[in-house]
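These notes concern the structure reproduced below.
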Amino acid sequence: MPGLSARPPRDWNPAERRLWRAFQEGQELDLRTGVPDEDDPATGPAWTAARRIRAQVIAVLLLNGPASASGRVRSLRLTGARVTGRLDLRGAVIDCGLDLNGCRLPELSAEVLRARTFMMRDAHVEGDVRIQGSRIDLDIDLDRTRVGGLLNANLVIVGGDFNGRNWHRHEERPGAGLVVGGSLNFAGAQVNGIDLFAAQAGEGIWLQRATVGYLCAASSKVNGRISLQGSTVTGELDLAGALVRAGSPDEVMIDLSDAQAGKAVLTPAPHSVGVVSLRNATFGTLQDLSQDGPRTELDGAVYERLQPLPPHSAHRRLAWLRRGSDNYTPQPYEQLASAYRACGLNREAGQVMREKLRRAAAGQGLVQRVWGRVQDLVLGYGYQPWRAAVGVTVLLTLGTLYFSTVQCHAALTGTKGLCPIKSDEHPAWDPFLYTLDLLIPLVSLGHDTAWDPVGSAKAVALALTVAGWVLATTIAAAAARTINRS
């Protein structure tokens, strides 16, 4: 039951008495003058006594206020007031609406608050706003509010949305949304959606291990870090145009390590400073700026779709991977190749996997590096099989032309071509078949063993034999990789 009498206490000032009656009626008490410059909460210290409400009065009405008027629902709706003193609602359970739009407060403490709504648009809080551990059944609305200190919403549970946006999302209506001088903390929060369009945070936005339906921080300005480490965004995470400045280019400015999101739009503003960390993160769709964006750590990141991913873009995406880490790890290459294959871009997927094998070989010993280079040149690690066909054709042509010019100089023969090993037992001389037999290991056509090359011919024959073995071994290695991939 309400604890106050039917009338406001005598020591309350006229504005407080008006608030009493408005509370009973569920009406708004609007103390604004109608002059924009005079109603700006930034000018609050100059407001007259007629616009001042003690924080204690607000607490009394919310926690132990009078009964509602007949046929009315109690609600505290106060606009354009200067609230003096610290508003302390820690642990409160409020069964009515709370609306402090356009007001100026020194500080707000509402830890473990339980309320239906929490409305404080266009307000100015000189110090901190603490609502950690609170449970709000519907929405929290802090659109365009200014907070001089930090805003602590750790472990808050909101049935609806947390709004701290600039409502006008068009360039012709510029302006900031929620402005927080310190940090904006949502660690462990459970919120249907967080809209921080055009918000500003002086010491970072922190949402570690939070669960959010969607999060918009597009066009926001953040000094420090946006951290969603270990968080889950079931819908879209939108950081388009966000200007984020970490302490140095090597520090993380957007941390999504171990996070999950249905879609992530990571297209920060051009002058952002820092690194984007996607280590072990999982996305349905990942949209970024490719090689034009910030350095992105991708080890362990998994995504079903990557945007933009047009044809002939593999070289740009490979540069994106290389910038992400100085140390080679295979998973980012395999993930990128998978994204290309999902788009039907198998050629680009092959380019990525070829680069993966190149980098793997580069980190091994001398023999492995040389062997990797041979596989790359001959077959493109199996992703460019036409190279082997071209190599065989070139070697076969050159060998045929060379052996077409040799002649046996033995006294008893004087025949064209190489001298036979057995003068009475050999096939007809054919430089093409002889060259082909040298290039094909394991299988003999009967020509390579019938003739006896000497001098330069022997060196050429040996070179062709070695080339044949190299080709065969390379093709076998590529085939084994293909079978393993399958």
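The values are calculated or read from the model by the stated rules, or taken from the named source; none is laboratory data. Only a predicted model underlies this, so the values are computations on that prediction, with no experimental measurement involved. Cβ atoms come from the backbone with ideal geometry, glycine included; neighbour counts cover every protein chain shown. Accessible surface areas use protein heavy atoms only, side chains included; no ligands, DNA or RNA. Shrake-Rupley method; radii C 1.70, N 1.55, O 1.52, S 1.80 Å.
The alpha carbons of the range 92-169 give a radius of gyration and a Dmax of 11.5, 35 Å, in that order. With everything on Cα atoms, drop me the angle between helix 456-485 and the longest principal axis of the chain, reported from 0 to 90° to the nearest 10. The helix 456-485 is inclined about 30 degrees to the chain. Remark on the chain: Cys96, Cys103, Cys216, Cys343 stand apart, with no other cysteine beta carbon under 4.7 Å. Whole-percent P(r), the range 187-300, all Cα pairs, 10 Å bins from 0: 17, 55, 28, 1.
Within a straight-line Cα-Cα reach of under 12 Å, Lys356 can be paired with the following aspartates and glutamates, leaving aside sequence neighbours fewer than 8 residues apart in one chain: Glu334, Asp376.
Computed from phi, the 3J(HN,Hα) profile of the range 38-48 under the Karplus parametrisation 6.51, -1.76, 1.60 (θ = phi - 60°) reads 7, 8, 5, x, 5, 8, x, x, 8, 5, 6 Hz, with x in place of Gly and Pro.
For the range 156-229, GluC sites (Glu not before Pro) are listed when DSSP marks them as loop and at most 15 other Cβ atoms sit within 10 Å of their Cβ; the list is Glu171, Glu172.
Helix 346-362 axis versus longest C-alpha principal axis of the chain: approximately 80°, rounded to the nearest ten. Taking Cα atoms only, the orientation of helix 14-25 departs from the longest principal axis of the chain by about 70 degrees. For Lys221, a cut-off of 16 angstrom between C-alpha atoms picks up these aspartates and glutamates, skipping any fewer than 8 places away in its own chain: Asp143, Glu171, Asp195, Glu203, Asp238, Asp255.
Give me the orientation-averaged projected area of the Cα convex hull of the range 1-133, in nm², one decimal. Taking a quarter of the hull surface, the average projection is 7.7 nm². Per the 1.4 Å probe, what fraction of the accessible area of the range 207-328, in percent, lies on carbon and sulfur atoms? The value for the range 207-328 is 46 percent carbon and sulfur by accessible area.
Packing-based ranking of 102-109, 140-147, 306-313, 461-468 yields 140-147, 102-109, 461-468, 306-313, ordered from highest to lowest mean Cβ neighbour count within 10 Å.
Taking a straight line from the alpha carbon of Lys416, these lysines sit under 21 Å away, with near neighbours fewer than eight places off in the same chain left out: Lys458. Based on Cα atoms of the range 74-115, Rg over Rh with Rh as the Kirkwood radius reads 0.96. Karplus-derived 3J(HN,Hα) values for the range 50-55, using 6.51 cos²θ - 1.76 cosθ + 1.60 with θ = phi - 60°, are 5, 10, 9, 10, 6, 4 Hz; glycine and proline are entered as x. Over all Cα atoms in the range 1-78, the spread is summed up by Rg and Dmax: 13.4, 42 Å.
Taking every protein chain into account, the accessible area of the chain amounts to 47 square angstrom per residue (probe 1.4 Å). Taking only alpha carbon atoms, the chain gives an Rg to Rh ratio of 1.34, where Rh is the Kirkwood radius.
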